[in-house]
Amino acid sequence: MPEPAQDLCDPFWKIEATNDRWDYEIADQTFDPAAITSGFNGFMGHWKPRFLGETPAATGLDPFIFVPLQGKLTEKRHFQAMSPIEMLRATLRTDPGRKVIATLHPRENYGAPELAVLDDLAAAEPRFTLAEGDSLPFVKACDYIVTQNSSVAVTGFFAGKQAVLFARIDFHHIAGSVPRDGIEAAFACMHQPAPDFARYLYWLLELNAIRIWDPAAQDRIRARLSRFGRPI
């Protein structure tokens, strides 16, 4: 049975037949920026400062890739192209001209073996740094973001930052995706012109999510629940 799922960031919500975000309906849809003809500039102007806040960008850093880590650093799960630690190694190999700064997820509990692997990587690779603190200063200062499927990548879209994803997810459309395209093609996207972030975010959040205080929210919630066999 489908379960309502909070998605991305309040107040944007999804009601889906699964809790696996890579299997949300939008994941299989095609994003066509030409079809988004209005509303996106106002949406971006309203939501960008709310996502990015007033936190200043990190300063005094060489060009770098930001990697917001999630959990299970040494495991490859079924929706991932490789484990998070292998993702870090692959990023360092594929983009040898930039440093890599990673942060740990504030709500994850990491075991001693996982942290030891990160320490070993930092000792062996001078371009890699494990940093502490909030992710936003690094989002604002980085050249681009690499992650498994953290929604920090969506925050990065608001900051005009491209992303390479190493796992399946529902917001892959304008990102380089290793599961979808392979590692070389995914990183090659970072050398192409930036996608239309404003149109994409409007499509992703305004048109394909339920904004909870939208006057039409109740009708949209009823329609989604009815679709999945839970009429109210």
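Nothing in this text is a laboratory measurement; each read-out follows from the coordinates by a stated rule. Values in this document were obtained by computation on a predicted structure and should not be read as measured data. Don't worry about glycine lacking a Cβ; one is built from the backbone with ideal geometry, like all the others, and counts go over all protein chains shown.
Using the Cβ-Cβ distance between T18 and D62 with R0 set to 35 Å, the FRET efficiency works out to roughly 0.25. In this structure, the residue pairs whose Cα-Cα separation is over 21 Å, taken from K48/K140; K99/K161; K72/K161; K76/K161, are K72/K161; K76/K161. The magnitude of the dipole of the stretch 64-196, with charges of +1 and -1 set on the Cβ of Lys/Arg and Asp/Glu and taken from the Cα centre, is near 140 debye.
Taking the chain as a Gaussian network of alpha-carbon nodes connected by springs under 10 Å, the highest mean-square fluctuation of the residues P113, P195, P137 belongs to P113. Among the listed values [x] 18.0; [y] 13.6; [z] 14.3, the one computed from these coordinates for mean projected area of the Cα convex hull in nm² is [y].
One decimal place: the segment R227-L207 gains 5.5 nm when fully extended, by the rule 0.36 nm per residue minus the C-alpha distance. Which FRET efficiency value, to the nearest 0.05, do you get for A34 and A185 by plugging their Cβ-Cβ distance into 1/(1 + (r/R0)^6) with R0 = 25 Å? So, using R0 = 25 Å, E works out to roughly 0.65. Projecting the Cα atoms of G97, P68, L52 onto the dipole axis of the stretch 1-109, where Lys and Arg carry +1 and Asp and Glu carry -1 at the beta carbon, places G97 farthest toward the positive end.
The HN-Hα couplings worked out from phi for the stretch 21-31 by the Karplus form 6.51 cos²θ - 1.76 cosθ + 1.60 (θ = phi - 60°) are 5, 5, 10, 4, 4, 5, 4, 9, 7, 9, 8 Hz, whole numbers, x standing for Gly and Pro. Dipole of the stretch 64-196 computed with +1 at Lys/Arg Cβ and -1 at Asp/Glu Cβ about the Cα centre; of A141, Q80, A124, farthest Cα towards the positive end is Q80. Its Cα centre serving as origin, the stretch 109-173 has a Cβ charge dipole (Lys and Arg +1, Asp and Glu -1) of approximately 320 debye. For a quick check, take a GNM of the chain with Cα springs below 10 Å and name the residue from A123, A34, A167 with the largest mean-square fluctuation. Sorting by GNM fluctuation, first place goes to A34. Charge tally for T37 (other residues, Cβ to Cβ under 14 Å; Lys, Arg +1; Asp, Glu -1): -2.
When +1 charges are put on Lys and Arg Cβ atoms and -1 charges on Asp and Glu Cβ atoms, the dipole computed for the chain relative to its Cα centre reaches about 340 debye.
For the residues Q148, Q80, Q29, a GNM of the chain with alpha-carbon springs under 10 Å puts the largest fluctuation on Q29.
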